[in-house]
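The values are calculated or read from the model by the stated rules, or taken from the named source; none is laboratory data. In this text the structure is predicted, and so the values were computed from the model without any measurement. Note that each Cβ is placed from the backbone with ideal geometry, even for glycine, and that neighbours are counted across all protein chains shown. The protein model used for the area step is the full one, side chains on, heavy atoms only, and it has no ligands, DNA or RNA in it. Shrake-Rupley method; radii C 1.70, N 1.55, O 1.52, S 1.80 Å.
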Amino acid sequence: MEAYMSSIGSKLQMLSTSDHASVVSMNLFVALLCACIVIGHLLEETRWMNESITALIIGVGTGIVILLISGGKSSRLLVFSEDLFFIYLLPPIIFNAGFQVKKKQFFRNFMTIILFGAVGTLICCAIISIGAMQIFEKMDIGPLDIGDYLAIGAIFAATDSVCTLQVLSQDDTPLLYSLVFGEGVVNDATSVVLFNAIQSFDLTNINAVIAWEFVRNFLYLFLTSTMLGVLTGLVSAYIIKKLYFGRHSTDREVALMILMAYLSYMLAELFYLSGILTVFFCGIVMSHYTWHNVTESSRVTTKHAFATLSFVAEIFIFLYVGMDALDIEKWRFVSDSPGTSVAVSSILLGLVMVGRAAFVFPLSFVSNLSKKSPHEKIGFRQQFIIWWAGLMRGAVSMALAYNKFTSAGHTNLRANAIMITSTITVVLFSTVVFGLMTKPLISILLPHPKYQSRSLSFSSDPATPKSFTVPLLGEGQDSLDDLGGRDIPRPSSLRALLTTPTHTVHYYWRKFDNAFMRPMFGGRGFVPFVPGSPTERNPPQNQWH
């Protein structure tokens, strides 16, 4: 009995020590997050630095310090986990991006964004996979099969939409922001869907049937994920509009919006869909309908709550990646042949640049064919910035690499270790170098960004929750409503047909939205009826403008 109690006591003591170590680690990590925010604020005025790069550099510096203190045993406070990244950190970032995005600009360029994000990602993935297969087979890096090479293509085709948020301005360069960030979100979703599809298919014997199943599965996941996000957003709008939570507590409105947003992502993961696409479109729908159905105080609260959660998650990710980059376990496998690791990283970086160029410039040409006005076309300088800004690789690439080339966070094979360390090298190099140079590059190539963006972006669009009058595709009181009083000319030729759909689609969408969607789901013009508020004392005469 004494021995039994003694063993229990020792186990409890070990557990207590482990818990204390976790508390110490979390304290240090939170302190580092605070340091990142303070230093990022102090560097805010510089055109070279941003919070992402600051957090990455602080993470690497902290990793070096921990490595020295631990005598070369460890460099991190926390273990990088793709589950932590995909389930807790990525959803608030992507949702807030959809919630704050300028929808008029996004949907005007929707076909170009889909062209870059879906078709472009497939082209980039194919080029990286084929290039890696041809080159790595001649190098002594270990056994890799066709599934590994295709996975490498999907991993390095994933751009870093998080860092894009930091280096591009939605106000100064709305067209570039819309294209690069919109493409980044679709690209990340496409890469993850592509990666999962590669993992689930037997690619050792590819034939027409397997190829068709692959394409069908990809399209199914893409469309179903989008529809799930839209449906979840509409359900949240309907519930809040019908139940008027604000009459009792604005806390319930805010809590329900946050939970429904997260629910959309988790439902997508539950049904093996793309959570990135789902939560992004849920954010767009919520900003158009749900956000207008809550009280004014809840609007202010939700806007800042979503932005704050997104901001902290972004800093957390880059700090996390920076510290994990120096994990000694992975580098020990490649320490005997550092030249091979450098060569693999350089080759992958070169393939990323070639793969991106292979679709940005040709697909921009295709997109420009449907543009009538020269001001609507994507010029060569804009194409170059789109190519450059999309070269950054980030946490999505790292999470996919860990998923493919590690087992429970550990690397046991030399080939896998080389791929992990090469991914880390490419992420660090591309984020710091390409991220640092993007803002100066824009100022050089587009010396008057605000003027350029106005001429290229059809007009600035305040249609986000940053404004308290938010139409889906409108400007101010919605320039599209002006179309209601005049007819849109019918296209007289194929070229005219290609250049007019944006107007007709917007026009018919507005009519459908006013006639069916807003009466059911609320949105701009709906005023929540809160007892004791100015709304109750002066009820609006016309809730539907």
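With respect to SER310, determine if the residue is over 22 Å from ILE57 (Cα atoms), of a type outside the set (D, E, K, R) and part of a helix (DSSP H, G or I). No. Those helices (runs of 4 or more DSSP H) of the stretch 120-172 in which 1 or more residues are farther than 30 Å from VAL101 by Cβ occupy 121-136, 146-157. A count restricted to the stretch 372-393 and to residues that are at pLDDT 85 or above and either among the aliphatic types (A, V, I, L, M) or more than 18 Å from PHE110 (Cβ to Cβ) (or both) stands at 14. Among the conditions (1) surrounded by fewer than 24 Cβ atoms within 10 Å (Cβ to Cβ); (2) more than 18 Å from GLY275 (Cβ to Cβ); (3) in contact (Cβ under 8 Å) with a residue 24 or more places away in the chain, TRP212 misses just one, which is (3). Only one of the numbered conditions (1) over 22 Å from GLU51 (Cα atoms); (2) surrounded by fewer than 22 Cβ atoms within 10 Å (Cβ to Cβ); (3) of a type outside the set (Asp, Glu); (4) at pLDDT 80 or above is not met by GLN100, and that is (1).
In this structure, SER460 does satisfy being modelled with pLDDT under 50 and of a type in the set (Ser, Thr, Tyr). Among residues that are open to solvent by 60 Å² or more (accessible area, probe 1.4 Å) and among the charged types (D, E, K, R), LYS371 is not included. Scanning the stretch 55-79 for residues that are crowded, with 21+ Cβ neighbours inside 10 Å and modelled with pLDDT under 85 gives GLY63, SER75, ARG76, LEU77.
Residue count for the stretch 230-255 under the criterion of being surrounded by fewer than 19 Cβ atoms within 10 Å (Cβ to Cβ) and either of a type in the set (A, V, I, L, M) or under 14 Å from THR301 (Cβ atoms) (or both): the result is 9.
Scanning the stretch 285-305 for residues that are in a helix (DSSP H, G or I), open to solvent by 10 Å² or more (accessible area, probe 1.4 Å) and of a type outside the set (D, E, K, R) turns up VAL285, SER297, VAL300, THR301, HIS304, ALA305. On the stretch given as the stretch 367-403, residues that are in contact with a Gly (Cβ under 8 Å, 6 or more places away or on another chain) and in a loop (DSSP other than H, G, I, E, B) total 2. If you filter the stretch 282-303 down to residues that are of a type in the set (A, V, I, L, M) and over 20 Å from ILE93 (Cβ atoms), you find that the one that is modelled with the highest pLDDT is VAL300. The condition of being modelled with pLDDT of 85 or more, in contact with a Phe, Trp or Tyr (Cβ under 9 Å, 6 or more places away or on another chain) and at negative phi holds for only one of LEU436, LEU413, LEU369, LEU349, that being LEU349. Kindly indicate whether any position in the stretch 116-137 is among the charged types (D, E, K, R) and modelled with pLDDT under 85. Scanning the stretch 116-137 turns up no residue that is among the charged types (D, E, K, R) and modelled with pLDDT under 85. Might you check whether a residue that is small (Gly, Ala, Ser), open to solvent by less than 10 Å² (accessible area, probe 1.4 Å), under 20 Å from LEU348 (Cα atoms) and in contact with a Leu (Cβ under 9 Å, 6 or more places away or on another chain) occurs anywhere in the stretch 173-186? Checked the stretch 173-186: at least one residue is small (Gly, Ala, Ser), open to solvent by less than 10 Å² (accessible area, probe 1.4 Å), under 20 Å from LEU348 (Cα atoms) and in contact with a Leu (Cβ under 9 Å, 6 or more places away or on another chain). Among the candidates ILE87, ILE130, ILE123, the residue that is without any contact (Cβ under 8 Å) to a residue 24 or more places away in the chain and open to solvent by 20 Å² or more (accessible area, probe 1.4 Å) is uniquely ILE130. Quickly run through the stretch 133-158 and pick out the residues that are small (Gly, Ala, Ser) and open to solvent by 10 Å² or more (accessible area, probe 1.4 Å). If the condition is that a residue be small (Gly, Ala, Ser) and open to solvent by 10 Å² or more (accessible area, probe 1.4 Å), then GLY142, GLY147 are the ones that fit. For the condition hydrophobic (A, V, I, L, M, F, W, C), part of a helix (DSSP H, G or I) and more than 16 Å from VAL235 (Cβ to Cβ), LEU273 does not qualify. Here TYR262, TYR220 are screened, and the one residue that is in a helix (DSSP H, G or I), crowded, with 16+ Cβ neighbours inside 10 Å and in the same structural domain as THR302 (by the TED database) is TYR262.
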